[in-house]
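The next block holds one structure in the form of structure tokens; read it before the comments.
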């Protein structure tokens, strides 16, 4: 599966397919900076369902979360935040630091401004096209990291 177009939840990719594609994507030499609109593409829990049911549920989850979670803001100084729906302008919540390692941006939510639960999240994003990023979110429990979802970020 090539991800040279922007994947969406309606594409009904399985979690393992996105994972293979994410790992195969070429890396970028520059760190992403700016505001990006987000879309959930695949969720780990849904992947355990029969394919036909997952294909129905994933677009619904993406649509509901898409009205609430608007995206991410990555600043040149190595910090960032998630952007959430608000009547006046996007609200920032869920802060992280970001750095580039091996051509991929790494997101770390272990910052003091976050509640303890959020600090267990990590992310990784890679470029899949001009101004288009594919992201993977993991959750750390003790010394084990589990991938929980994949998302896209677009300008």
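No value in this document is a laboratory result; all are computed from the given coordinates. This structure is a prediction, so every number in the text was calculated from the model and none was measured. We place every Cβ from the backbone using ideal geometry, glycine too, and count neighbours over all the protein chains shown.
List of remarks:
- Only helices enter this figure: runs of n ≥ 4 DSSP H residues, each worth -39500 (n - 2.57), summed and divided by the residues of the chain, yield -5500 deg cm²/dmol at 222 nm to the nearest 500.
- Gyration tensor (alpha-carbon) shape descriptor, the chain, a/c threshold 1.5: rounded
- Label-zone membership for region 89-107, site residue 33, 7 angstrom Cα→C-beta point, backbone N under 14 Å: 98-100
- Region 78-155: C-alpha gyration tensor shape, a/c 1.5 cut-off, then a/b vs b/c: oblate
- Per-peptide packing, taken as the mean over residues of other Cβ atoms within 10 Å, places 126-134, 59-67 in the sequence 126-134, 59-67 from highest down.
- Extension gain, residue 142 to residue 114, is 8.3 nm, computed as 0.36 nm per intervening residue step minus the present C-alpha separation.
- Each of the peptides 83-93, 14-24 was scored by the mean count of other Cβ atoms within 10 Å over its residues; in descending order, highest first, they stand as 14-24, 83-93.
- Remark: spin-label model distance residue 24-residue 88 equals 4.8 nm, labels positioned 7 Å along the Cα→Cβ axis.
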